[in-house]
Amino acid sequence: MEGLSVVQANLKVYVDPSQSKNLSSAIFRELSALLFKYNDAFHGVLLAYNVHAPENKGRILPGVHPFIAVRLEAKLLVFSPKPDMLLEGKVVKVTEESIHVIVLGFSSAIITDEAIRNEFKYKTKHGQGLYVNRSNRRHVIKAGTMIRFVVKSMNEETLHIYGSLMPANTGSVKILEKFSEHMNTESVTINSTPKKRRSKEKYEVTTQITEHGSIVKDAPSQNHYDREIKKSRRS
Amino acid sequence: SIALSFLLTSHAAAAITREAERKRRGRRRRRRSISSALLLLNPRLKSFPSRRLIGVPLLLTLGGFITRQVPLPLPSLAASRISFDLPSIGFNFRCVISLMGVEVATNYAKMEEDISLTDSQLVYSFRLALKSVSSGDTESYRRLVDVMNPSGRLAPDEAALLLTSTKALSGAVADIDDLHHEKLLKAIFNLSLWNFGPDVIDALLELIVSLAASNGKHVDSCLDMLVSNFTPPNKVLDMLKQPRGLEKKERVLPRVHAALKNISELVPMAASRLSSIVLEQMPWKSKRNVDQWSMKRQLIYVENMFKLESGAIREFVGANMLKDVMNVLRDLDVAIGWDDILHDDSSKGVFMIELEDENYADGDEDADADGKLPSTLSEKSLSKNLTAELLDSLMVQTFEHLESSVSNKRLSEVFDTLLSSFKDTVLNTYKSKFTQFVMFYACALDPEHCGTEFASELIDMFVGGHNPLTSRMSAVAYLASFLARGKFLPPAFVASYLGRLVDWCWQYCVMHDGDMNPKLHQVFYSGCQAMMYILCFRMRLMVEIPLLKSQLFCMPIDKIFKHKLDPLKVCLPSIVEEFLKQAKAARLFTSSKTFVFEDLLVSNLSRDFGGLERLDMFFPFDPCLLKNADSFIRPNYVYWKYVRTTYHEDIDDDDEEDGSDGEVEGAAEFDDDMEEVIISRSYGDNDLEMDEFDYAMNKMSITPRNNSSAGLRMPSRIRPSMSPESL
């Protein structure tokens with residue numbers, strides 16, 4: 001899942017003098033107030049923080065309302081989805097016009113029917129709506145499925161994401177992973193059809209790589225994956 | 001056949017359009033051409049193989065015909081008796097027409113056709129209508145807005161139209177834009193669910209939920225709309241207590257709460273917005289007058305807040321709901337006038353005032369006839385005050401909610417929130433009158449857990465030197481009043497907290513070896529007064545249990561009172577007096593000096609230690625004057641008149657033979673009599689009964705009964721009566 005990053009930040013927290021007795025709890029309170037909100041400074045939504053032992057001292061800033069400024073270093077987990085990033089989330093509602101997803105438990109995403117590729121057909125089963133992939137009947141998206149989708153845009157104020165299931169590498173995570181697993185552990189099948197020839201090709205490619213031992217295995221399998229998709233599309 | 005069908009269609013279409021555009025050439029001709037066209041659609045013409053091929057383009061043409069806003073001669077079609085039965089295509093002709101804005105002839109309803117659009121086709125047409133707004137074509141959109149703006153009672157077909165449109169709109173929410181479709185959104189959010197039947201309500205709520213889930217910008221408005229449906233329109237508000245109103249309430253409220261739950265499932269951050277929205281839309285806010293309408297609205301609103309507190313999304317909004325309710329109670333409390341005349345009457349002791357509450361009720365009937373804010377606070381005068389009535393009903397609601405929390409086994413979490421709210425607000429509210437009884441009742445429901453927590457918090461607040469002065473003094477006053485008045489608190493419990501209090505006071509004495517100075521040692525004097533107040537109520541009980549008696553006698557009480565700081569001089573005279581009398585009778589402590597108080601309730605010294613807020617005279621759990629709330633409190637409350645003091649010991653034991661067993665627990669056995677007394681007390685017409693009762697009570701008291709003002713220093717007098725004294 002993209003969009004998550006851990007950043008190291010130098011922060012300055014302004015604490016009210018009445019809290020001077022217990023600075024660390026005041027600092028934690030201030031930082032906690034920033035959680036799950038979009039922050040321009042971090043260019044994303046703050047999900048978690050890890051403060052390294054804040055010193056219990058700070059400079060007092062004079063003024064009409066004096067504050068204590070405490071410097072500290074913190075590791076921050078920031079969520080900043082940008083367009084064309086791949087995100088994963090859990091489907092909570094499926095209708096004929098949209099799929100509603102919740103990402104990381106707090107951000108709601110919607111994928112409208114115009115952004116769902118034609119491969120997926122809407123069906124109703126046992127009163128529940130679901131999307132079934134025409135080429136792979138097992139590929140089902142319904143309430144409770146974890147899906148991977150591409151970000152179209154995000155509303156920073158409301159943390160609402162508009163997603164898309166158009167690209168080929170989107171859909172139910174379980175199926176996608178099974179597929180890539182399948183690709184990684186491809187076994188050789190000897191066959192006389194053109195299909196076989198292709199699989200032979202694949203085998204050759206993988207062996208070449210293992211011989212050299214320097215290239216990541218994922219790279220060629222991605223190509224295989226695409227080829228498989230093309231094949232399925234054709235059928 | 002395809003070619004043929006197209007030919008025929010084009011002919012028919014041409015005929016229709018030609019005829020339609022000619023002005024009033026005569027119905028017959030038009031009818032003929034249309035009828036002939038429509039005959040092609042007749043399924044009875046089985047010989048026509050490509051009915052479907054013709055049907056669709058023909059209907060589309062008709063559609064095009066319709067959009068040009070020419071009134072379709074439907075009545076004439078009806079007359080021609082062509083039945084449209086196109087199950088294969090499916091058309092809800094009525095819906096399409098309404099959408100496209102053609103005026104439907106009134107007897108259209110009589111047509112017996114059974115054609116329905118599939119849902120997806122309807123949704124598609126709605127989406128088209130919505131999208132076309134941005135390109136300037138607003139006709140269908142405007143019609144849609146009209147449908148969503150129903151006025152008055154809906155006829156069945158209007159209701160059906162609203163239902164269908166709503167369902168279709170739910171599918172088209174992704175195309176609703178807050179810029180272009182402002183009117184539509186406004187219309188949707190202004191709907192009041194209380195006016196509709198259950199299926200329309202369901203459809204509308206489904207629309208709201210989809211709207212909120214589709215676009216984050218709509219979440220706030222959707223929540224606003226749902227919360228505004230917590231209160232019904234005025235007509236329904238009137239009949240809420242009747243079966244019809246109750247039925248409507250049962251229809252609407254559970255659905256609204258279910259919709260709120262659905263929204264927070266689909267949009268997790270919505271729940272955090274909900275608390276502030278609920279607070280904003282509260283019908284009654286502080287500094288406003290209470291009238292009948294706002295009272296009823298507030299009551300049902302708070303009912304909803306309690307539902308949220310115990311409902312499916314309670315972990316997100318529950319705590320805030322409780323805190324907001326407590327704030328409302330406190331605001332109402334503060335809004336009720338409090339006249340200090342009652343307490344400034346220096347000829348009466350603290351305990352006297354409670355006993356004489358009954359007397360006020362008789363005399364003030366005329367004074368309060370005009371219904372203004374009462375000059376003296378009594379139960380009867382309060383009953384005419386609307387603010388007090390609202391507070392009373394809200395407190396009853398709160399008590400009932402606490403009771404239901406007990407049955408849901410949630411009382412401890414509810415209590416935690418209540419306690420933190422209490423510390424933040426009520427504790428420091430200058431002379432809060434009744435709100436604190438919520439805490440009292442919660443402790444009564446669960447003395448072991450809640451009672452202990454409450455008392456511990458109070459004592460910790462008192463001994464914590466870092467807390468503000470007034471909070472500390474207020475906390476100890478609450479503790480004293482609580483330990484004295486809580487009938488559900490076992491004597492051992494009282495003794496342990498009393499012990500802590502005494503220990504603290506003694507430590508203070510040791511640390512501050514100074515002379516008497518009321519202003520400097522305010523906290524100390526308030527602690528001492530608290531000690532004495534508790535002992536006035538509970539000394540007898542503690543002394544009767546050997547273990548507690550020895551605990552009591554081990555406490556450094558006499559050392560404190562004999563110290564240089566001289567609390568006996570500074571604390572409230574009537575309390576000091578009563579304490580001294582009881583302590584002497586119990587042989588706990590005898591003062592070497594005699595105190596002559598000269599009938600003072602307060603002395604200058606006690607005023608000094610009490611400070612500006614007169615915390616020397618603050619007894620928070622004095623009897624609750626709100627009638628309905630009091631009925632909950634009464635069984636758990638210790639009334640001074642029923643407290644047995646230590647100087648009652650001299651009474652003969654033959655009293656105890658009179659069937660009053662179990663006297664160890666103080667006033668417990670007087671329950672039945674208490675009920676009698678309280679019901680009859682305000683109206684003074686049952687003197688005979690009172691006298692008999694008084695007689696029984698007086699036999700137990702040794703205090704002299706005389707009417708002269710000199711005798712008024714005796715605080716435990718019940719009522720002047722003719723009964724013999726047994727001194």
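Can you classify segment A:81-150 as rounded, prolate or oblate using the Cα gyration tensor, where a ≥ b ≥ c are the square roots of its eigenvalues, rounded means a/c under 1.5, and otherwise it's prolate if a/b beats b/c and oblate if not?
prolate
log10 I(q)/I(0), Debye, Cα-only segment A:4-79, no solvent, q = 0.14, 0.27 Å⁻¹?
Here the Debye-derived log intensity ratios amount to -0.45, -1.25.
Using a Cα distance threshold of under 15 Å, what count of lysine pairs results for segment B:166-306 when pairs must be 8 or more residues apart or interchain?
8
Rounded, prolate or oblate: which fits segment A:1-159, taking a ≥ b ≥ c as square roots of the Cα gyration tensor eigenvalues, rounded meaning a/c under 1.5, else prolate when a/b beats b/c? Mind showing how you got there, number by number?
Details: a/c = 3.57, a/b = 3.34, b/c = 1.07.
Prolate, because a/c is 1.5 or more and a/b exceeds b/c.
How would you rank B:274-280, B:413-419, B:435-441, B:321-327, highest first, on the average number of other Cβ atoms within 10 Å across their residues?
B:435-441, B:321-327, B:413-419, B:274-280
What number comes out for the charge environment of residue A:128, summing +1 per Lys or Arg and -1 per Asp or Glu over other residues with Cβ under 13 Å away?
In short, +3.
So how do B:214-225, B:450-461 stack up, highest first, on mean other-Cβ count within 10 Å? Intermediate values should be presented prior to the final figure.
Working: B:214-225: 21.4, B:450-461: 19.7.
Ranking the peptides B:214-225, B:450-461 by packing returns B:214-225, B:450-461.
How would you order A:59-65, B:538-544, A:171-177, B:152-158 from highest to lowest mean count of nearby Cβ atoms within 10 Å?
Peptide ranking by packing, descending: B:538-544, A:171-177, B:152-158, A:59-65.
Peptide A:157-166: average number of partner chain Cβ atoms within 10 Å per residue?
For this peptide, the per-residue mean of nearby foreign Cβ atoms is 3.
Per residue of A:105-113, count partner chain C-beta atoms within 10 Å of its C-beta, then hand back the mean as an integer.
Mean number of neighbouring Cβ atoms from other chains: 4.
If you take each beta carbon of peptide B:477-487 and count the beta carbons of other chains within 10 angstrom, what is the mean?
0
Stretch residue A:14-residue A:90 to full length: gain in nm at 0.36 nm per residue minus the Cα-Cα span?
Taking residue A:14 through residue A:90 to full extension adds about 23.6 nm, to one decimal.
Just to confirm a number: summing +1 for Lys and Arg and -1 for Asp and Glu over residues other than residue B:509 whose beta-carbon lies under 14 angstrom from that of residue B:509, what do you get?
Residues near residue B:509 contribute -2 overall.
Values in this text are rule-based calculations from the coordinates and carry no lab data. All values reported here derive from a predicted model rather than from experimental measurement. For neighbour counting, all protein chains shown are included, and Cβ atoms are generated from backbone atoms with ideal geometry for every residue, glycine included.
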